[in-house]
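What follows is one structure encoded as structure tokens, with my remarks underneath.
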């Protein structure tokens with residue numbers, strides 16, 4: 001007599017999985033590149049409606065992720081990024097609708113010139129092709145990335161973090177239903193079906209199948225992608241954002257912006273992490289007190305620590321920390337030059353702001369700070385594709401190549417030259 005034994009599950013063949021997904025995405029991308037604007041918009045509107053119709057299922061899935069996150073000890077900021085409710089889910093659906101209403105970038109003429117020999121040269125926008133997007137925590141990225149990828153004529157392969165696995169699957173199911181309703185290929189938006197890290201490695205090695213990788217997450221994720229990728233990478237690094245309070249700042253505006261930039265939502269990449277205060281500014285204590293009253297832990301240099309007993313002395317690591325929490329580091333600086341030097345040494349080139357009524361100082365700050373987004377008298381929390389009128393974003397690109405700042409429809413296109421002649425031959 002024999003005894004049945006359970007055999008171990010088969011090992012994941014990550015390369016085969018991604019090769020299959022990539023081949024299907026490549027076929028879908030060819031279809032999407034020529035899909036009419038109205039059809040793409042219809043798919044997004046149907047997807048948005050499915051997000052609303054399947055709200056109960058999506059919120060139930062999110063509750064599973066929240067429970068798992070709490071059990072595993074996720075920080076309050078990470079849980080905030082993960083959490084969905086009716087309002088947030090409604091905003092996700094609204095963002096998909098907003099992308100559907102945006103001008104289609106595919107086929108748009110960037111510029112045109114006629115050469116002396118009569119040749120007419122134009123540059124027109126075309127999709128990137130197959131876009132791989134690797135992200136952490138935020139289930140809204142599933143919808144935003146899918147919507148932007150579709151409207152820009154691409155196919156996308158999504159690989160979300162394990163924290164949001166159930167939420168991502170539920171959102172993807174709603175968007176897939178919208179694609180089917182509009183008669184577009186379901187393979188235009190695929191979600192990697194496993195959380196095995198080997199699938200990430202296979203995606204990073206998928207030359208010829210994937211045209212670009214967009215990582216959106218913490219330093220560890222981005223570092224791995226940049227180290228291992230054999231596919232071009234559009235990096236979205238951490239948000240070590242600064243707000244500089246100039247000596248000529250209006251005190252009422254300065255306090256309001258400092259609190260909003262840090263505390264409106266502490267877990268987003270546009271949250272200010274370091275506040276710099278000009279020694280000439282008359283009310284630094286009021287800024288510290290307002291942040292403390294709002295529930296923020298203040299870590300300050302020697303001058304700031306001297307203002308209040310509850311200020312924790314900052315150490316060197318604080319100036320390079322993305323807290324994503326109700327913590328802020330504050331330093332006193334010697335005017336605009338001191339602020340520029342500190343930002344140059346510690347900024348992640350994401351978003352930096354100046355608060356001042358001095359137009360010359362503002363112009364110099366906006367010119368000299370080398371970040372993707374620079375602001376004057378505005379909260380860094382506005383560093384968001386929706387707030388920029390882009391409908392949504394897949395992240396804030398902090399590099400210099402291809403796209404910078406909020407990456408939306410145009411950031412997911414490239415261009416080709418079209419040359420029109422009348423029989424010219426080259427002498």
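Bear in mind these aren't lab numbers, they're just calculated from the coordinates by the rules spelled out. Keep in mind that this is a model prediction, so the values were computed, not measured. Please note: Cβ atoms are built from the backbone with ideal geometry, for glycine as well, and neighbour counts cover all protein chains shown.
Which residues does a label at residue 114 reach in the stretch 403-427, if reach means a backbone N under 14 Å from a point 7 Å past the Cα toward the Cβ? The answer is 420-422, whose backbone nitrogens lie closer than 14 Å to the label point. Classify the stretch 277-329 as rounded, prolate or oblate, taking a ≥ b ≥ c as the square roots of the eigenvalues of its Cα gyration tensor: rounded when a/c is under 1.5, otherwise prolate if a/b is larger than b/c and oblate if not. Oblate. Using the alpha-carbon atoms, what tilt in degrees (0 to 90, nearest 10) does helix 219-228 show relative to the longest principal axis of the chain? Result, in degrees: 40.
Share of antiparallel DSSP beta bridges in the chain, in percent to the nearest 5? Given both bridge residues lie in the chain, the antiparallel proportion sits at roughly 30 percent.
The spacing between the stretch 126-154 and the stretch 385-427, judged by their C-alpha centroids, is 15 Å.
Sequence-distant contacts, meaning Cα pairs under 8 Å at least 6 residues apart, place the relative contact order of the chain at 19 percent. Fully extending the segment from residue 87 to residue 162, taken as 0.36 nm per residue of separation minus the present Cα-Cα distance, adds 24.7 nm. The relative contact order of the stretch 241-382 comes to 34 percent, based on Cα pairs under 8 Å that sit 6 or more residues apart. Full extension of the chain segment joining residue 121 with residue 418 gains 106.3 nm, where the gain is 0.36 nm per residue of separation less the Cα-Cα distance. Shape class for the stretch 25-165: prolate, because the ratio a/c of the largest to smallest gyration tensor axis (alpha-carbon atoms, square roots of eigenvalues) is 1.5 or more and a/b beats b/c. Each residue, residue 186 and residue 364, gets one label point 7 Å from its Cα in the Cβ direction; the gap between the two is 6.1 nm.
Compute the relative contact order of the stretch 231-287 as a whole-number percentage, counting only Cα pairs closer than 8 Å that sit 6 or more residues apart in sequence. Worked out over the stretch 231-287, it gives 48 percent. Under the classification rounded if a/c is under 1.5, otherwise prolate if a/b is larger than b/c and oblate if not, where does the chain fall, given a ≥ b ≥ c as square roots of the Cα gyration tensor eigenvalues? Here the chain falls in the oblate category. Computed from Cα positions, the angle between helix 55-72 and the longest principal axis of the chain comes to roughly 60 degrees.
Reported to the nearest whole Å, the Cα centre-to-centre distance from the stretch 229-249 to the stretch 337-366 is 12. Using the rule -39500 (n - 2.57) for each DSSP H run of four or more residues, divided by the residues of the chain, the 222 nm mean residue ellipticity is -12500 deg cm²/dmol. Highest mean packing first, where packing is the average number of other Cβ atoms within 10 Å per residue, the peptides 107-118, 325-336, 50-61, 72-83 line up as 325-336, 50-61, 72-83, 107-118.
For the residues 100, 353, 206, a GNM of the chain with alpha-carbon springs under 10 Å puts the largest fluctuation on 206. Annotation for the stretch 162-196 versus the stretch 37-98: alpha-carbon center distance of 12 Å. The angle between the Cα long axis of helix 359-368 and the main principal axis of the chain comes to about 50°, on a 0 to 90 degree scale.
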